[in-house]
Amino acid sequence: MEADVVVVGLGPGGEQVAEDLAESGLDVVGIEAELVGGECPYWGCIPSKMMVRAAGLLAEGRRVPGMAGTSVVTPDWSPVARRIREEATDTWDDTVAADRLREKGGRLVRGRARVAGPRAVEVDGETVTARRGLVLATGQRAWVPPMFEGVQHWTNRDAIAAERVPRSLLVVGGGPVGLELGQVMARFGAAVTIVEEGDRLALAEEPEASELIAEVLNREGVVVHTGVEIERVEPWGDTGATVHLTDGRSLRGERTLVATGRRSDLTSLGVGALGLDEGARSIPVDGRMRVAPGVWAVGDVTGKGAFTHVAAYQARLCVADILGRPRPEADYRALPRVTFTEPEIGSVGLTEAQARRGGGAVTVLRDSITASARGWIHRGEGFVKLGARDDVLVGATAMGPYGGEVLSHLALAVHARITLETMRSMIFAYPTFHRAVDSALWSSPSSAAKMAGA
Ligand SMILES: Cc1cc2nc3c(=O)[nH]c(=O)nc-3n(C[C@H](O)[C@H](O)[C@H](O)COP(=O)(O)OP(=O)(O)OC[C@H]3O[C@@H](n4cnc5c(N)ncnc54)[C@H](O)[C@@H]3O)c2cc1C
């Protein structure tokens, strides 16, 4: 089989490359080992956010007393499981996505591809050759530490497909996946314990965000253990595990969700045939997503940020390069991240620690979300933190109600290298959550340091 472009892996990155190139008239073959659409629509972003939304409604219902009357909230997982099956994943059937690719002129090959050379892959013994380019978009999979071998456990996929909420859930890993799914399950009635090896939850975020999310989770009944190491794991009951910590304590759950990160498997992809290190964590790409002459890579596999929006951004750059259309090279300075816990953690660019490591005159400003009248009205919790170098905004966190939405103009400001002085000259609508940005801008750097515990 031959095509102009061969795309391996049809998650958000590869699917967009394949569809856009096919639409622009190229002969495209897309190869997919599982479901066209990848992790995001079937086991990631979409169904997990449906779960978050449902759990958020329960939390809102529980807030009625003292603000709007009385409420009795009775969680029921069945509508969540049903929506995930019927509305989000078609019960994990990708016919719609596969047809969309074909309608745009692409050809779909089902199977697991292995790179055979600079412009060729093998699928089930057949060679597929690319006349113009090979695009690798194979994503990542949940990484499960070897100590869980032989012990029943969930990854994100099992949690998303769950038809029932376990009585108790042990979550191993306090990153975005563990935090979002842990809080959801707790709000639906599971006794949740989160175990994190690092000294705080949400390690990639500002320490204030870690502190606040731990406090909120505790209040919601979630038990959090940070700075602990797992010594060994053994089966418990029919479906559960006992996790023995090196400090002698043991923890148990009817189910154990392993959320210890995600990794690419470059060995089975066979990138050695391109002269690349198969033991590496990611495929190195340049600013146009080029790996080698005639080879591109996009999405999680590039290690530039495991987010659908990174895959989509890189797909555009890759398509432009293959079609010979000029476009600015990749720039990740203003890469936004959102952890959809409640409060939601939205952040962009550098954290304070990263900004300080980079030198220059660093200013850090911060204020509570309740400083915006709307945050106070809602009894919201959270903060806005801004980091500037030589007065140019280089990073920000908006934690609180709709933190990911409040983040939007901060991401624009980092992207466009806006100064704090320019931001101070803006008018912020009253009373909105994002007015906390205005009050942070006018706060004094010393009070910000004091609030951050510095
Ligand atoms: C629980 C969870 C929640 C998430 N929530 C968010 C969120 O809210 N926002 C966000 O931006 N991101 C979120 N993500 C991350 C997001 O899902 C990924 O960043 C995104 O799916 C990456 O897209 P991709 O195209 O790089 O890879 P993937 O989506 O992983 O797709 C890669 C595809 O390649 C296929 N493949 C792999 N190897 C081969 C091969 N050798 N041959 C053929 N096919 C192959 C796979 O089967 C897969 O379909 C979440 C992830 C998880 C797990």
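Structural remarks
- Probe 1.4 Å, protein heavy atoms only - accessible area per residue of the range 301-454 in square angstrom: 46
- Count of lysine pairs in the chain with Cα separation under 29 Å (8 or more residues apart, or interchain): 6
- Extension gain for the segment K104 to R288, taken as residue separation times 0.36 nm less the Cα-Cα distance, is 63.8 nm to one decimal.
- For the pair the range 150-194 and the range 303-362, the centres of their Cα atoms are 28 angstrom apart.
- Site pair L203 and E405 shows an inter-label distance of 3.3 nm when each label is modelled 7 Å from Cα along Cα→Cβ.
- Using only side-chain charges placed at the Cβ, +1 for Lys and Arg and -1 for Asp and Glu, the dipole size of the chain relative to its Cα centre rounds to 800 debye.
- Of the trypsin sites (Lys or Arg not before Pro) in the range 195-303, those whose Cβ has at most 14 other Cβ within 10 Å and which sit in DSSP loop: R249, R281
- The Rg/Rh ratio of the range 95-149, with Rg taken over Cα atoms and Rh as the Kirkwood radius over Cα pairs, comes to 1.09.
- Expressed in Å, the radius of gyration and Dmax of the Cα atoms of the range 1-112 are 19.7, 67.
- 37 °C / 0.692 mPa s Stokes-Einstein diffusion coefficient of the chain, Kirkwood radius on C-alpha pairs, µm²/s: 139
- Karplus (6.51, -1.76, 1.60) ³J(HN,Hα), θ = phi - 60°, over the range 68-80, in Hz, Gly and Pro reported as x: 8, x, 10, 8, 10, 10, 10, x, 9, 6, 4, x, 5
- For the range 315-327, putting each phi into the Karplus relation 6.51 cos²θ - 1.76 cosθ + 1.60 with θ = phi - 60° gives couplings of 4, 4, 5, 5, 4, 4, 5, 5, 7, x, 8, x, 7 Hz, in residue order, rounded to whole numbers and with x for Gly and Pro.
- Around the amide H of I194, modelled in the peptide plane, lie the amide H atoms of V171, V223, V224, H225, all under 5 Å away and 5 or more residues distant in sequence or on another chain.
- Across the options T70, G56, P431, the greatest Cα extent toward the positive end of the charge dipole of the chain (unit charges at beta carbon of Lys, Arg, Asp, Glu) belongs to P431.
- Table column - 3J(HN,Hα) (Hz), the range 290-301, Karplus curve with 6.51, -1.76, 1.60, x for Gly and Pro: 7, 9, 7, x, x, 10, 10, 9, 9, x, 3, 5
- Cα→Cβ-extended label distance, 7 Å offset, between S168 and E60, nm: 3.3
- Charge dipole magnitude, Cβ of K and R +1, D and E -1 - the range 360-419, Cα centre, debye nearest 20: 60
- At R0 = 25 Å, FRET efficiency that the Cβ-Cβ distance of K49 and T226 yields, to 0.05: 0.50
- Among L136, G150, V80 - extreme Cα towards positive end, dipole of the range 79-159, charges at beta-carbon: L136
- Estimated dipole of the range 128-231 in Debye, rounded to 20 [Cβ of Lys and Arg +1, of Asp and Glu -1, Cα centre]: 780
- FRET efficiency for A353 and R424, using Cβ-Cβ distance with R0 set to 35 Å, rounded to 0.05: 0.90
- Viscosity 0.890 mPa s, temperature 25 °C, Stokes-Einstein D of the range 239-348 from Kirkwood C-alpha radius, µm²/s: 144
- Applying a DSSP loop filter and a limit of 10 other Cβ atoms within 10 Å to the GluC sites (Glu not before Pro) in the range 119-217 leaves E149.
- Amide H within-cut-off set for R262, under 5 Å, with H built and near neighbours excluded: W143
- Stretchable slack from R327 to V96, in nm (0.36 nm times residue separation minus alpha-carbon distance): 80.1 nm
- A straight chain from R132 to R114 at 0.36 nm per residue would run longer than the Cα-Cα distance by 4.7 nm.
- Selection from A330, F307, G272 lying farthest towards where the dipole of the range 239-359 points positive, charges on Cβ: A330
- Residue ranking by accessible heavy-atom surface, 1.4 Å probe, largest first, among Y402, Y42, Y430, Y332 comes out as Y430, Y402, Y332, Y42.
- Where trypsin sites (Lys or Arg not before Pro) fall in DSSP loop in the range 392-440, at most 15 other Cβ within 10 Å: R417
- The angle separating the long axis of helix 403-415 from the principal Cα axis of greatest extent in the chain is about 70 degrees.
- Taking the C-alpha atoms only, the angle from helix 176-187 to the longest principal axis of the chain is near 60 degrees.
The values are calculated or read from the model by the stated rules, or taken from the named source; none is laboratory data. In this text the structure is predicted, and so the values were computed from the model without any measurement. Cβ coordinates were reconstructed from backbone atoms using ideal geometry, including for glycine residues, and neighbour counts include every protein chain displayed. Surface areas here come from the heavy atoms of the whole protein model, side chains and all, with no ligands, DNA or RNA. Shrake-Rupley method; radii C 1.70, N 1.55, O 1.52, S 1.80 Å.
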